[in-house]
1. Starting from the alpha-carbon convex hull of chain B, give the projected area averaged over all orientations, in nm².
2. Determine the shielding of peptide B:47-59 by partner chains: average, over its residues, the number of Cβ atoms on other chains within 10 angstrom of each Cβ.
3. For B:Lys33, which lysines qualify as cross-link partners when the Cα separation must be under 21 Å and same-chain residues fewer than eight apart are set aside?
4. Please give the length that would be gained between A:Glu407 and A:Asp306 if that part of the chain were fully extended, namely 0.36 nm times their separation in residues minus their C-alpha to C-alpha distance (nm, one decimal).
5. Is there a quick way to get the dipole size of chain A? I mean about its Cα centre, with the Cβ of Lys and Arg at +1 and of Asp and Glu at -1; what is the value in debye to the nearest 20?
6. Using only atoms on other chains, find how many Cβ atoms lie within 10 Å of each Cβ of peptide A:406-413 and report the average.
7. Would you mind computing, in nm to one decimal, how far apart the modelled labels at A:Ala188 and A:Ala594 are, each placed 7 Å from Cα along Cα→Cβ?
8. Listing A:Cys565, A:Cys217, A:Cys613, B:Cys21 from the residue with the fewest other Cβ atoms within 10 Å to the one with the most, what is the order?
Amino acid sequence: MSFDAAYQSKAYNSVGTRPLRPDGVDKVTGRARYGADYDMPGQLVARVLRSPHAHARIRGIDTTKAEAVKGVKAVITAADLPDLSDGDAGIYATLDNCMAREKAMYDGHAVAAIAAIDEKTAKAALKLIEVDYEILPHVVDVDAAIATGAPVLNNAIFTTGIQPAPSAPSNVSNRAELGHGDVDAGFAQADVIIERSYKTEQSHQGYIEPHACVASCNADGTADLWVCTQGHFVYRESCANLLGLDISKLRVTSSEIGGGFGGKTHVWAEPLALALSRKANRPVKLVMSREEVFRASGPTSATSIDVKIGATKAGKIAAASATLRYSCGPYPGSWAETGAMTAFACYDLENVKTIGLEVIVNRPKVAAYRAPSAPMAAFAVESAIDELAHEIGMDAVDFRIKNAASEGTRSSYGPVYGPIGIGPTLEAAKTHPHMSAPLGKNQGRGMACGFWFNFGGETCTDLNINADGTVTLAVGTVDVGGSRASLSLITAEELGVAYDDIKVVVADTATLGFNEMTHGSRGTFSTSLAAISAARNAIESMRQRAAIMWDIPVEDVYWENGHACAAGSKHGNRSPLSIQEIAAASSKTGGPIAGHSEMVADGAGVSFATHICDIEVDPDTGSSRVVRYTVIQDAGKAVHPAYVEGQYQGGAAQGIGWALNEEYIYGEDGRLQNPGFLDYRIPVCSDLPMIDTQILEIPNPNHPYGVRGVGETSIVPPLAAIANAVSNAVGVRMAHIPISPPRILEALHDAKG
Amino acid sequence: MVEVKLWSGLRPLADNRDVVCVEARTIREMLRKLEERYPGLAQPIHDQVAVAVNGVIYRDDWSQELPDGADVMLMRRIAGG
């Protein structure tokens, strides 16, 4: 870190205010340009042929007839994407996922692609591609995939993380074990033990904007890619690796983004667009349909989780354990391990053990989804915690308060916590009016806690002081949730100027150094650290310019409220110089004024939340309705409180949809039955109540303003909070997400015997 | 001397130890010495490891100093959404 990033408590002028977001007008008037809103002269339209089979060997592909169609300019298969992975399993998996090589591994797996003069021609030609499939046995369910007799999907996968190393391939790609203490001894001390199994179904991030890009490969080996992504620098590296391009010759520009939530941290079709453009020698636009988005991009894991928690009658947890099985799709991942790390992170446990099993299935490759893996683990653990509190006769909030982690606690995933917010969020929940509000008929109340790590990462910014004193900040982190507003506020605060004088732009990959993606809730955290550093560098430059203008030593110039001021009795009678005055004179004092920063912006603070939910259930139909919902979360510092609240509400809304309705449904043939928003139901405004929020601010010691990151944690508690609410409403423990009307009716029916 | 805790996936690559003692002043020096002692750790250190120092997770800032008695753990580097 190039400057002291330690937290310093002070009063703010800009940080903490709620101005309009700089990208707002463009977005509500339709001027903002998203992935599909860009065109290049002479561009072609691409369509992708996808496997209709869940698991099939590709014996051959005949593209002759398609290539002969008038207007078709290029047809590609895996043969056009040679393996350049050089033994890197991750790159090879990405390559294979973009275009199936030997086998189609899931319904929707790309097997060929066409670029044609228009969509009609491309679609017609697609039908003429003949693929010779040998259909193989498939398995899509996470438990079925590890059951005896399940087809082994990849003979090259041997379970890692166990000893001795196995001699036979398996659908379990890795076993991870975490924890400390002695859980057997702990359970022996417990007066009450809850042991239960839970399942969650696969859900999609449901971003409104499908994946879209325009690619142009030029004859001189250079290429341009306009794309909707959470990380254009990472996309540049992925595409360059897959296509054998020099990184410097591929320029990637990120469009506005209509939602990502982790699903746009991986390349899916972008390498195909580049390969088609390279073959056709013309620009190619590729926009995935909604059906393709569902079948072939970004779902989260389906899970099966066993939890065992024991406590004394006094309400102290004696031991906790969990085995978490997460589906990964066809390629190894670390989703279960992440779930295992987060499962018990809210609690101070003497004896804890979690096991994560990564399971290979014939489903799309799993991608991150907002605090990936944590919501499912929290659902299982927080459901068991609630049941345990009930069994020992304690209030659910009091039980959690009694066992909550705090500063100095060794977390269940290993490290010791610094200052954290789980206790304060629980205390806030206990006293929140929502907790004591009366409930109506057929209504139940539930609450739950959640945790997410938050990340930092490589970050680079350029800050330019323009001739009129306004400021341009070029960043390389894509704005997915209002970061241009928060970065403007922090830059304004640092320089001592007005929010409206700052213009933040997301620069392309040719104009800034590498930036890690916008993921891990790092957008505002990391980029604000770089912006602060750049602003302080610019201030240093402006002090020097003021010294030149005054002809006094720079040591006698200090910066205050957007002005250079002369210090000491010798110079005290000089009027301060504003940024505008310094900028106006810059051509005669040394030229343009700028501040640059490149850094590894690490040191993000972990994040906790507590949610409260009231739900009403119709016992005749199983239909449910969220009638009140409250989010309480530690932000560290809410730079723009309205957009922090928006993140809290957005995470809760997505969690509510996942908890009650969203689900990938596969047929016996292994094909996805509901790849569209009519049959895969996400909540709309009329499904949701006003989601109330309460922002807590426990400063992150590793950020000058105390910022932690707020983008992900809000999706962690909803599954459990809703499950607890429904369970309390109907008197039956709901252990299978989504808690859709048929599942509620089935549970009620089973309870009646 | 720093006690470095290893996540379970690394232990088979480090003589099945869950804690390794290293004389190091920074994350970079600590990782280098771990690699020298256990060459099998080189690959995961290259692309799978994050380092927690007194509860703060460092994914790439290997210049961080390790205070005396610091709580240090090698964690899996995980994805965010």
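1. Working: hull surface 19.6 nm².
Dividing the Cα hull surface by four gives the mean projection, 4.9 nm².
2. Working: counts 2, 1, 0, 3, 2, 6, 4, 4, 15, 12, 11, 6, 12.
What the average comes to for B:47-59 is 6.
3. B:Lys5
4. Details: separation 101, 0.36 × 101 = 36.36 nm, distance 2.86 nm.
Stretched out fully, the A:Glu407 to A:Asp306 stretch lengthens by 33.5 nm.
5. 940
6. Numbers: counts 0, 1, 1, 1, 3, 3, 0, 5.
Partner Cβ neighbours, averaged per residue: 2.
7. Taking the two extended label points, one gets 6.8 nm.
8. B:Cys21, A:Cys565, A:Cys217, A:Cys613
Taken together, the values in this text are just the output of simple stated rules run on the coordinates, not laboratory data. These figures come from a predicted structure and were not determined experimentally. Because the Cβ atoms are built from the backbone with ideal geometry, glycine has one as well, and the counts that use them run over all protein chains shown.
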